[in-house]
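Working notes, beginning with the structure itself.
The values are calculated or read from the model by the stated rules, or taken from the named source; none is laboratory data. Note that the structure is predicted; figures quoted are calculated from it, not measured. No Cβ is skipped: glycine too gets one built from the backbone with ideal geometry, and neighbour counts run over all protein chains shown.
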Amino acid sequence: MDIAKRFTGNPLLTVKSLEPAIEGMEIACILNPGVFRYRGRTWLVLRVAERPVQQEGSVSFPVYDENGRIKVLSFGKDNPELDASDPRVINYRGQDYLTTLSYFRLVSSADGVNFSEDPAYPPVFGQGPLESFGIEDCRVAKMEDGYWLTFTEVSPVAVGVGLMHTTDWKHFDRHGMIFPPHNKDCALFEERINGKYYVFHRPSSPELGGNYIWIAESPDRLHWGNHKCVATTRPGKWDSVRVGAGAPPIRTEKGWLEIYHGADADNRYCLGALLLDLDDPSKVIARSEEPIMEPSAPYELEGFFGNVVFSSGHIVEGDTITMYYGASDEVICGAIFSIREILSTLL
Ligand code: MAN
């Protein structure tokens, strides 16, 4: 049952809401934000995806070269060695490329609905060879020593998880790749449990296993071990092909509540919930049988990559989760959930 109360003003941000940050490009999508409170305002770390205005008959997209400069690659659509059947990724002669280059933009709001950009907080771009196809889908964990960002790093050799730390959102300490390929959907717990840091992550094991949610622990957030699988895909269900964690989990009386995404073979992305033991979050207490949110609004059904609701951030106040989510891989929307109501679907 879909129990999300969508904002009436959805979508809150579209490709028209910002100017492109890379010269000569247009914004193709704004999606999957990390969310946090800072200086009395609600902030979103947007994933902005840019590419050149597309010409008839070819597909062109930007990448960083070895000197960190943007270069544009272009392939003719009639080229028999090109597979451009997915709007997000193409394959040419066995090599995968992304059709857009993603980076992060910060916007903030006093009312949680109207967001604007402040030039004092410039965009954050990928750096170095492991981010030459961009950075994506940031999760923000607010901890006692500042904000910790986990995000996807993409390059010709890997899709993996990167880590950054900031206290002022102007200077970032980059800690490199914490989970090597293939891995994404990484969400830190915002507090330690029995002295240890915890994280959800999503390795992919194509031969044996699949795209499952794992948990790991660490003494310092840089070195992770004691990995355990907490949620697999479920044949015949809405989360039959891919599952991945969303925002940092929420501490509730009943356990850690994690809203995760699940996709089926048609690439339809819905949201469900996991409830995990407060003292040992590798123990799953309950899991949604049915989605708590599924694509239904027009902006969730049609877009750059339709039939997608994808969450990587929210604000929690008492019983209320205010979630900001990516719809159709193209726009940013808002929705409200009640924690009590989610728990009642689980227990
Ligand atoms: C998938 C999608 C894309 C993303 C790539 C690389 O294909 O999630 O949006 O760019 O993976 O992470």
Every residue from segment 71-90 that is β-branched (Val, Ile, Thr) and either at pLDDT below 95 or within 16 Å of the ligand (Cβ to nearest atom) (or both): 89, 90
Residue, surrounded by the most Cβ atoms within 10 Å (Cβ to Cβ), within segment 274-310, restricted to residues that are part of a strand (DSSP E or B) and within 16 Å of the ligand (Cβ to nearest atom): 309
Extreme residue, nearest to the chain's Cα centre (by Cα), among residues of segment 124-176 that are under 19 Å from residue 42 (Cβ atoms) and not in a strand (DSSP E or B): 169
Residues (surrounded by 23 or more Cβ atoms within 10 Å (Cβ to Cβ) and part of a strand (DSSP E or B)) located in segment 311-332: 311, 312, 313, 314, 323, 324, 325, 326, 327, 331, 332
Some residue of segment 97-118 being near the ligand (Cβ under 10 Å from one of its atoms), loosely packed, with under 15 Cβ neighbours inside 10 Å, in a strand (DSSP E or B) and touching a residue at least 24 places away in the same chain (Cβ under 8 Å): no
Top-ranked residue of segment 159-190 - restricted to ones that are surrounded by 18 or more Cβ atoms within 10 Å (Cβ to Cβ) and among the small types (Gly, Ala, Ser), ranked as nearest to the ligand (Cβ to nearest atom): 160
Residue identified as within 16 Å of the ligand (Cβ to nearest atom) and either free of Cβ contacts under 8 Å to residues at least 12 places away in the same chain or in contact with a strand residue (DSSP E or B) (Cβ under 9 Å, 6 or more places away or on another chain) (or both) among 11, 52, 62: 62
Residue, farthest from residue 305 (Cα to Cα), within segment 1-60, restricted to residues that are of a type in the set (S, T, N, Q) and assigned to a strand (DSSP E or B): 42
Test: residue in segment 75-85 that is closer than 24 Å to residue 323 by Cα, surrounded by fewer than 19 Cβ atoms within 10 Å (Cβ to Cβ) and aromatic (Phe, Trp, Tyr): no
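Okay, residues lined up against (1) more than 19 Å from residue 3 (Cβ to Cβ); (2) small (Gly, Ala, Ser); (3) modelled with pLDDT of 95 or more:
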position	(1), (2), (3)
242	yes, no, yes
245	yes, yes, yes
254	no, no, yes
263	yes, yes, yes
267	yes, no, yes
276	yes, no, yes
281	yes, no, yes
284	yes, no, yes
Filtered residues of segment 168-196 (kept if of a type in the set (Phe, Trp, Tyr) and within 18 Å of residue 284 (Cα to Cα)): 189
Any hit, segment 195-202, residues being within 14 Å of the ligand (Cβ to nearest atom), without any contact (Cβ under 8 Å) to a residue 40 or more places away in the chain and part of a strand (DSSP E or B): no
Qualifying residue in segment 127-134 (condition: of a type in the set (A, V, I, L, M) and more than 16 Å from the ligand (Cβ to nearest atom)): no
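Take the conditions crowded, with 23+ Cβ neighbours inside 10 Å, over 17 Å from residue 7 (Cβ atoms), out of contact with any Asp or Glu (no Cβ under 6 Å at 6 or more places or on another chain) and of a type in the set (A, V, I, L, M) and apply them to residue 271. Does it pass?
no
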Scope segment 251-264; condition in contact with a helix residue (DSSP H, G or I) (Cβ under 7 Å, 6 or more places away or on another chain) and not in a loop (DSSP other than H, G, I, E, B); matching residues: 252, 257
All positions within segment 204-234 that are in contact (Cβ under 8 Å) with a residue 60 or more places away in the chain and not in a loop (DSSP other than H, G, I, E, B): 213, 215
